[in-house]
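A short worksheet on the structure shown next.
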Amino acid sequence: MTLTQPELVPFEQALTRYEPVMGLEVHVELNTATKMFCGCPTTFGGEPNTHVCPVCLGLPGSLPVVNGKAVESAIRIGLALNCEIAEWCRFARKNYFYPDMPKNFQTSQYDEPIAFDGWTEVEVDGETYRIEIERAHMEEDTGKSTHVGGATGRIHGAEHSLLDYNRAGIPLIEIVTKPIFVPGGKAPAVARAYVQQLRDLMLALDVSDVRMDQGSLRADVNLSLRPHGVTTLGTRSETKNVNSFRSVERAVRYEVSRHAGILDSGQRVVQETRHFHEDTGTTSPGREKSDAEDYRYFPEPDLAPVAPSREWVEELRATLPEPPAERRRRLQAEWGFSDLEMRDTVGAGALDLVASTIASGASPQAARKWWLSELARRANEQGVELSALAITPAQVARIQALVDEGKINDKLARQVFDGVLAGEGEPDEVVEKRGLAVVSDEGALSEAVDRAIAANPDVAEKIRGGKVQAAGALIGAVMKEMRGQADAGRVRELIVEKLS
Amino acid sequence: MSVEITRDDVAHLAGLARIQLDDDELDRLGQELPKIIESVATVSQALEGAGEVEPMSHPTPLRNVFREDVVHECLTPEAALAGAPASEEQRFMVPKILGEE
Ligand SMILES: [Zn+2]
């Protein structure tokens, strides 16, 4: 099959002819101490095959036992997504031939998920969109394969593969939406907002570390297009393991453009899995889905069914954090943010960071200012999420406190951010080591002001004549002499005192 | 009860099980599989006249068998890899993986 690759259609242009329909599947790795069915630790990054036992290696005669904490987390996630909790459900074996599971099957849930029929609401540009949740089910992660030989560590051309089963058996919750119908132009942002909200929700529930960089939250983006006015769904592509919020947004945009190109040229979209490439923002074909993909699920005979009592479910419901939409409304009122300020904060994925910074003592406006300007810029430069920056909300609050105490000014604060982000220690240590404290020696300051007045007689004359706004030039001169380490407000006061 | 198994069905099943079958085998299994399915189906006769009987996946009435979330001792990598036909860099070594990407 050698069809010519159709041209991509620009996103906006595609939307004039087609309506995108999305489905999102998000895998969340739970933060339990042990694996789903055995007591091996879940800690990240151990030496190969050091977190394995007869159960997770699938050795003959071993028997799995369900991690009760993982079931509890699954139920809480389901409840937080307004799902029904199954009265009774079983695990199932998903059979396939691929060596990432030593058992030759993955233990999952098939037609009896622990949670189903839920919903959640996300906000984009001040509009609320309701996302219907199909199901949330329990399963286990797979091992890690390394392909040896061949060009780029990929399967093609590899001589053989090496398997590390440390990750095999780590508890996962897979959360699947129903088809999402939103105005096409909003689809990428809604997809991003949904994944971002799931991340926030998992943190609030304290069920996962949700580190996208370590793969503890991974999104699959399913997308199809249909011509406007058509009610049946088009053929979808499934873009796997999209590993940042920004990538979720880009993957949706790219697939809309790609599908539109295929449909415009009269070709058919192939149902297949695709890989997303962070560097180019494009996707490439993976496996084609065919009838050969038949996992022959059957109930796992080695694990007893899970039948959570209604009492237990209600006990867990009582432990739920505030729903995200209500929390956003409450925080906005508490912080006195305008709609626009709140929208920007949520959109930047900074809500929890700002909240923690305020909890550590900063004012709401100061917390917002640092995260959305200085730190957002740095995150952008590094191409990472705000939460991945090497600075904590407590440190941001401390830097603001140093400003409030008059020890540093905003300009020096930026250098303190540099220092903290470069791993030079706590804010106070950075101030100390870099010698950043503002000069509070009144004598030195007064002399510097005198020198600035003497060097700029014209400006001084204007100020004497009542043009106080001209003081800026003198303040600049003083700040330059003091290498930025002066309190600009105090400098202005001194100038006005001396020239009135 | 008679079940029809086409040659394509047999080829599909063989594909799923990663078993290579030649033409003779496909033909022979196409004849044999219906008989196997029929004899297994006699189990369903046990339900006749038994009233409402739920299909059973588990032979015991056990429910909610849970484990505490407590770390146990793992195998050493040497022990874990002891039964592996081949290993390299403390990892299980498997032959070239075909037909996947
Ligand atoms: Zn284990």
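The values are calculated or read from the model by the stated rules, or taken from the named source; none is laboratory data. Note that this is a predicted model, so its numbers are computed, not measured. So basically every Cβ, Gly included, is an ideal-geometry build from the backbone, and we count neighbours across all protein chains shown. Just the protein is used for accessible areas: all its heavy atoms, side chains included, with ligands, DNA and RNA removed. Shrake-Rupley method; radii C 1.70, N 1.55, O 1.52, S 1.80 Å.
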Of all helices (runs of 4 or more DSSP H) completely enclosed by the range A:400-475, which ones contain at least 1 residues that are in contact (Cβ under 8 Å) with a residue 40 or more places away in the chain?
A:410-421, A:442-455
What number goes with the only condition from (1) open to solvent by less than 70 Å² (accessible area, probe 1.4 Å); (2) over 30 Å from A:G143 (Cβ atoms); (3) not in a loop (DSSP other than H, G, I, E, B) that B:G15 does not pass?
(2)
Among the numbered criteria (1) more than 30 Å from the chain's Cα centre (by Cα); (2) more than 12 Å from chain B (Cβ to nearest Cβ), which single criterion is violated by A:N104?
(2)
Since A:P6 meets every condition but one in (1) open to solvent by 90 Å² or more (accessible area, probe 1.4 Å); (2) not assigned by TED's automatic domain parsing to the domain that holds A:Q267, which condition does it not meet?
(1)
Restricting to the range A:26-47, and then to whatever is open to solvent by 20 Å² or more (accessible area, probe 1.4 Å) and assigned to a loop (DSSP other than H, G, I, E, B), can you tell me which residue is nearest to the other protein chains (Cβ to nearest Cβ)?
A:A33
From the residues in the range B:79-101 that are over 24 Å from the mean Cα position of the chain (by Cα) and farther than 20 Å from A:R167 by Cβ, which one is farthest from the other protein chains (Cβ to nearest Cβ)?
B:A82
Determine, yes or no, whether B:L47 is open to solvent by 80 Å² or more (accessible area, probe 1.4 Å) and more than 23 Å from A:E300 (Cβ to Cβ).
yes
Selection status of A:H137, modelled with pLDDT under 95 and either within 12 Å of another protein chain (Cβ to nearest Cβ) or out of contact with any Phe, Trp or Tyr (no Cβ under 6 Å at 6 or more places or on another chain) (or both):
no
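Collect the residues in the range A:228-286 that are of a type in the set (A, V, I, L, M) and within 29 Å of A:E385 (Cα to Cα), keeping them in residue-number order. Even if it seems obvious, please write down each step before you answer.
Filtering the range A:228-286 for residues of a type in the set (A, V, I, L, M) gives A:230, A:233, A:242, A:248, A:251-252, A:256, A:260, A:262-263, A:269-270.
Those that are of a type in the set (A, V, I, L, M) and within 29 Å of A:E385 (Cα to Cα): A:V242, A:V248, A:A251, A:V252, A:V256.
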What tally of residues in the range A:159-184 results from selecting those that are surrounded by fewer than 20 Cβ atoms within 10 Å (Cβ to Cβ), part of a loop (DSSP other than H, G, I, E, B) and within 14 Å of chain B (Cβ to nearest Cβ)?
1
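Just checking, does the range A:75-84 include any residue being more than 12 Å from the ligand (Cβ to nearest atom), among the charged types (D, E, K, R), open to solvent by 40 Å² or more (accessible area, probe 1.4 Å) and part of a strand (DSSP E or B)? Full working, then the answer.
Here is the first cut: in the range A:75-84, the residues more than 12 Å from the ligand (Cβ to nearest atom) are A:75-84.
Okay, now just the ones that are also among the charged types (D, E, K, R), so A:76, A:84.
Now narrow it down to the ones that are open to solvent by 40 Å² or more (accessible area, probe 1.4 Å): A:84.
Cutting the leftovers down to part of a strand (DSSP E or B) gives us A:84.
Scanning the range A:75-84, I find at least one residue that is more than 12 Å from the ligand (Cβ to nearest atom), among the charged types (D, E, K, R), open to solvent by 40 Å² or more (accessible area, probe 1.4 Å) and part of a strand (DSSP E or B), so the answer is yes.
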Considering every residue within the range A:70-80, establish whether at least one is touching a residue at least 40 places away in the same chain (Cβ under 8 Å) and within 8 Å of chain B (Cβ to nearest Cβ).
yes
Residue list for the range A:357-368, restricted to those being touching a residue at least 40 places away in the same chain (Cβ under 8 Å) and part of a helix (DSSP H, G or I):
A:T357
Does the range A:43-64 hold any residues that are touching a residue at least 60 places away in the same chain (Cβ under 8 Å) and more than 10 Å from the ligand (Cβ to nearest atom), and which are they?
A:F44, A:G46, A:P48, A:N49, A:T50, A:L63
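What residue, of A:V313, A:V346, is in a helix (DSSP H, G or I) and within 14 Å of chain B (Cβ to nearest Cβ)? Lay out the reasoning, then the answer.
Values: A:V346 fails: within 14 Å of chain B (Cβ to nearest Cβ).
That would be A:V313, the only listed residue that is in a helix (DSSP H, G or I) and within 14 Å of chain B (Cβ to nearest Cβ).
Looking at the structure I just gave you, is B:S2 modelled with pLDDT under 85, of a type in the set (S, T, N, Q) and farther than 30 Å from A:E47 by Cα? So that I can check it myself, show each step before the final result.
Working: modelled with pLDDT under 85: yes; of a type in the set (S, T, N, Q): yes; farther than 30 Å from A:E47 by Cα: yes.
Yes, satisfied.
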Taking the range A:484-500 and keeping only residues that are open to solvent by 50 Å² or more (accessible area, probe 1.4 Å) and within 48 Å of the chain's Cα centre (by Cα), one is left with A:D487, A:R490, A:R492, A:E493
Could you grab me the full set of residues in the range A:94-132 that are outside any loop (DSSP other than H, G, I, E, B) and either of a type in the set (V, I, T) or buried (at least 21 other Cβ atoms within 10 Å of the Cβ) (or both)?
A:Q106, A:T107, A:A115, A:G118, A:T120, A:V122, A:V124, A:T128, A:I131
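Here is a check on your reading of the model: is A:E426 surrounded by fewer than 16 Cβ atoms within 10 Å (Cβ to Cβ) and at pLDDT 85 or above? Please lay out each step first, then the result.
Details: surrounded by fewer than 16 Cβ atoms within 10 Å (Cβ to Cβ): no; at pLDDT 85 or above: yes.
Criteria not met by A:E426.
Restricting attention to the range A:316-343, which residues are aromatic (F, W, Y) and part of a helix (DSSP H, G or I)?
Applying the first criterion (aromatic (F, W, Y)) to the range A:316-343 yields A:335, A:337.
Selection gives A:W335 alone.
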Kindly list the number of the only condition in (1) within 13 Å of A:M36 (Cα to Cα); (2) open to solvent by 10 Å² or more (accessible area, probe 1.4 Å) that fails for A:F91.
(2)
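Mind checking which residues of the range B:18-36 are farther than 28 Å from A:Y98 by Cβ and open to solvent by less than 90 Å² (accessible area, probe 1.4 Å)? Show your work before the answer.
Step one: of the range B:18-36, the residues farther than 28 Å from A:Y98 by Cβ are B:23-24, B:27-28, B:30-32, B:34-35.
Hits for the range B:18-36 are B:D27, B:G30, B:E32, B:P34.
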